[in-house]
Amino acid sequence: MSGAPSGRAPSPEGGPTGLRARLAAGLRDAWQVVRGISGERAYEIYLEHHTRVHPGTPPMGEREFWRRHIDRGDTDPGSRCC
Amino acid sequence: MATRTARTGSSPTPPKWTPARILVWAAVAVVGAVAWSVVGLSRGEEISAAWLIFAAVASYAIAYRFYARFITYRVLRVDDTRATPAERIDNGADFTPTDRRVLFGHHFAAIAGAGPLVGPVLAAQMGYLPGTLWIILGVIFAGAVQDMVVLFFSMRRNGKSLGQMAREEIGPVGGIAALIAVLAIMVILLAVLAMVVVNALAESPWGAFSLIMTIPIALLMGFYLRYIRPGKVIETSAIGVVLLLLAIIGGGWINANPTLHEMFLFSHNELTFGLIVYGFVASVLPVWMLLAPRDYLSTFMKVGVVVLLAVSIIFAWPSLRLPAVTEFAFNGQGPTFAGALFPFLFITIACGALSGFHALVSSGTTPKLIEKESQVRMIGYGSMLTESFVAVMALVAACILDPGVYFAMNMPAGVLGDTVQSASAAVTQLGFSVTPETLQQTADAVEENSILSRTGGAPTFAMGAAHIFSAVFGGQAMMAFWYHFAIMFEALFILTTVDAGTRVGRFMLQDTLGNVYKPMRDVSWKPGLWLTSALIVAGWGYFLWAGVNDPLGGINQLFPLFGIANQLLAAVALAVATTLLIKSGRAKYAWITIIPLAWDAVVTLTASYQKVFSSDPAIGFFAQRAQYAEALADGETSFGSAPDVEAMQKVVTNTTVDGVLSALFAVLIIIILADACRVWIKALRAGGDLPTTEEPHTPSKLWAPSGLIATREEREIMRERAGSGAGGPGAADS
């Protein structure tokens, strides 16, 4: 999904590679937004937060993290509308 | 002091009016004006549904650019130099600065469910014009304003809930009234939504099979995500969607096989019982098994179907066949729900125009994740505009149907009789003609035994959507597939809401009962968990059972109650918002919430008044009750739509309960309004600078664009910050 489609006609200022790179960057961005909305980035966000706030301590493993992450819903339902 | 800092908020320089910009906005205004005049002025001739879409989109664009901007910067005075709770607290869990586009998606998925698909379909009995006007004007001036303002005030208070804000800013009375309102609306909402599912799936083996299959699919996804591929949400959801499509196709085979057909043919009462048991079991199981995977699945389906529908309407370009305005708008004799346009249109269409329930989302998860204050416009106002657009599409789906088919699907069974002939006669009596053959052919086209009295909105929406989808993909041959696809899509949302709603209700109940008996508050104490779950399920289960067996039609009777409860919650939210505007010295701008609050109060109180006191038995619960009680006293054995004494007794019980609830809702609104007025007067007397519970200003180090798409200036700042290594927003913006 994150792969860039082949770029097209050269534009006056960028040239084909510039345009292709921009397109690829845009698609990568969009893919990250999709992953974010689906909730798939939760572990990455945790890791980033962990290395920033508790540098030097080992972070939770991925499996352990996801287990706790989903189980949080058992005690915190969050609201949803009709 | 907190309020004083709010005033020094940095107002960004408004975008310059370049000739190109003027041209673009002039064009938007012209498109909107032309579309509105086609929609509003056509009489007698059929117009294309695309005009509704154009009118809506142009109005949304103008409202977002001008009105929402005015509220964001002049009224709320958002301040991007102020760190949001997500930046200040940043605990890597519920407080995390989240990319605005991701948060927009989350927020939209949390506010939009089956609601905007149901209300507009029911309201279509008055024609497409009243519904369109209310959905679009309502969202611009009431619904989206409420969502954004509540989001803003909650964000300034570390994401406090609406109930907490009502208690702290208005007083304990208002707070308790808000709590009762939330519990009541939850119970009624779940009952009405569950009834929509029952009406859509009863006597329909195809629909019942595909919905039942969602349970093993969700379980499978849950186990896969927990034990095989933890964290691979997209992969798991993709597998789920494929299985879901297979389940719909499989439903077709089940339907064609006589033995299996019989096996999955459920009566209304069987389904009701099944749903109640399911609701209880699902809400005590751990979330990873059922709720979490189904949530992923419904988010996927939600976004996918909304996009698919918008694209299909543009390609299919269907014509609206229902008239612009029908006589039911004025005489209040509509078969779907009784009562005239004012006030009943405005409580029937809640989600999509103004929905109090959203205030719970805007004051829950979202304010804790927001990155920059100015993003409340895009996330609060923008998400609600998107939901409103979904409601417009639902209205389109209902209005492209043959009016005769529409009414045959939405009238109570007692009025239609059992055969297509009697139904055709009943519809003709309403002033719309439909032949028995057309009714049979329509049912055959979607491979259902009957489409008569499929009330609740979902089947009608599914029928309209099937017409639109099959015009673009697959033609007539695919009608039945698309119909059941749309049914399944709605039922999936509703099951998720039933499960999640029961849990939310349970937590509230545990919290409340915890005041009396401590262990109740421990959310992992099993006996407490089972007891409170059972109580909530019993609450909505009762209304569901009573509604399904109501001789007068459950949707007809209960939907107005749901609307009133939802708008009652909106009154709480708007009253809290107004209080905060006045308390923080912004009384001169308080009209932005006072006008929708006044409208909402007038609508809700008028509707409750009519439901309680109207002497017309079609509208007033107690007038209805008196009629049936009198007939029973006279020793009659059948009356109106009730064929026997037992049914007559049911009517008496139901109308008593419904009437008392209507009165209770009206009293709650009056209490909240009176209590809020007291605080407003106190604040105005004090010169309008009362202390509020706002968090003090902390300078922000983060930077992020305000709108959906970064402007040229914002992109330049982003590049500069990236170059200098300054902290920026999440990775998705790099």
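Mind listing the long-range amide H neighbours of B:R82? Cut-off is under 5 Å, sequence gap 5 or more, other chains count too, H placed in the peptide plane at 1.01 Å from N.
For B:R82, whose amide H was placed from the backbone, the distant partners under 5 Å are B:S700.
Return the lysines within reach of B:K583: Cα separation strictly under 16 angstrom, same-chain partners fewer than 8 residues apart disregarded; answer none if there are no such residues.
Those lysines meeting the cut-off are B:K682.
Just subtract the alpha-carbon distance of B:E695 and B:E716 from 0.36 nm times their residue separation and send over the number in nm, one decimal.
4.4 nm is the gain from fully extending B:E695 to B:E716.
Using the Kirkwood formula on the Cα atoms of the range B:137-284, what hydrodynamic radius do you get, in angstrom to one decimal?
Hydrodynamic radius (Kirkwood, Cα only) of the range B:137-284 equals 19.2 Å.
With θ taken as phi - 60° and the coefficients 6.51, -1.76 and 1.60, list the Karplus ³J(HN,Hα) couplings across the range B:552-568 in order, rounded to whole Hz; mark glycine and proline as x.
For the range B:552-568, the Karplus curve yields 8, x, x, 5, 3, 7, 8, 4, x, 5, 4, x, 5, 5, 5, 6, 5 Hz.
Give me the Kirkwood hydrodynamic radius of the range B:120-166, using the inverse of the mean 1/r over all pairs of distinct Cα atoms, in Å to one decimal.
Every distinct Cα pair counted, the radius reaches 12.5 Å.
To the nearest Å, what is the center-to-center distance of the range B:495-509 and the range B:136-160, using C-alpha atoms only?
Result: 23 Å between the Cα centres.
When the C-alpha atoms of the range B:165-227 are aligned to their principal axes, what extent does each axis show, in angstrom, from largest down?
Principal axes ranked by extent give 51, 38, 10 Å for the Cα atoms.
So what is the diffusion coefficient of the protein assembly as shown in µm² per second by Stokes-Einstein at 4 °C and 1.567 mPa s, using a Kirkwood Rh over Cα pairs?
Translational D for this selection: 47 µm²/s.
Against the longest principal axis of chain B, how steep is helix B:458-472, in degrees 0 to 90 to the nearest 10, with axes from Cα atoms?
80 degrees
Straight-line reach from B:K16: which aspartates and glutamates have Cα under 16 Å away, leaving out those fewer than 8 places along the same chain?
Excluding near neighbours in sequence, the set is B:E713, B:E714.
If I model a spin label at A:W31 and B:T656 as a point 7 Å from the Cα along the Cα→Cβ vector, what separation in nanometres do I get?
6.5 nm
Mind pulling the angle between the C-alpha long axis of helix B:383-399 and the longest principal axis of chain B? Nearest 10 degrees, somewhere in 0 to 90.
20 degrees
Give me a single rounded figure for A:37-50: the average over its residues of other chain Cβ atoms within 10 Å of their Cβ.
Across A:37-50, the average partner-chain Cβ count within 10 Å equals 6.
Report the gain in length on full extension from B:A93 to B:W25: 0.36 nm times residue separation, minus Cα-Cα distance, nm rounded to one decimal.
20.4 nm
At q = 0.08, 0.12 Å⁻¹, what base-10 log of I(q)/I(0) does the Debye formula yield for the range B:1-149 when every alpha carbon is treated as an equal point scatterer in vacuo?
The calculated log intensity ratios at q = 0.08, 0.12 Å⁻¹ are -0.35, -0.74.
Taking neighbour Cβ counts within 10 Å as the exposure measure, how do B:M263, B:M301, B:M463 sort from fewest upward?
Fewest to most other Cβ atoms nearby, the residues stand as B:M263, B:M301, B:M463.
Once Rh for chain B is found with the Kirkwood sum over Cα pairs, what is the Stokes-Einstein diffusion coefficient at 25 °C and 0.890 mPa s, in µm²/s?
92 µm²/s
Please give every one of the lysines within straight-line cross-link reach of B:K372, meaning a C-alpha to C-alpha distance under 20 Å, and leave out same-chain neighbours fewer than 8 residues apart.
Cα-Cα hits under 20 Å: B:K160, B:K701.
Taking only Cα atoms, what is the 0 to 90° angle, nearest 10, from helix B:172-201's long axis to the longest principal axis of chain B?
The two axes meet at around 40 degrees.
To the nearest 500 deg cm²/dmol, what mean residue ellipticity at 222 nm is calculated for chain B from DSSP H runs of n ≥ 4 alone, each contributing -39,500 (n - 2.57), summed and divided by the residues?
When only DSSP H runs of four or more count, the value is -21500 deg cm²/dmol.
Values quoted throughout were computed directly from the atomic coordinates according to the rules given, and no laboratory measurement underlies them. Model, not experiment: these values are computed from the prediction. In this analysis, Cβ positions are derived from the backbone assuming ideal geometry, glycine residues included, and neighbour counts consider all displayed protein chains.
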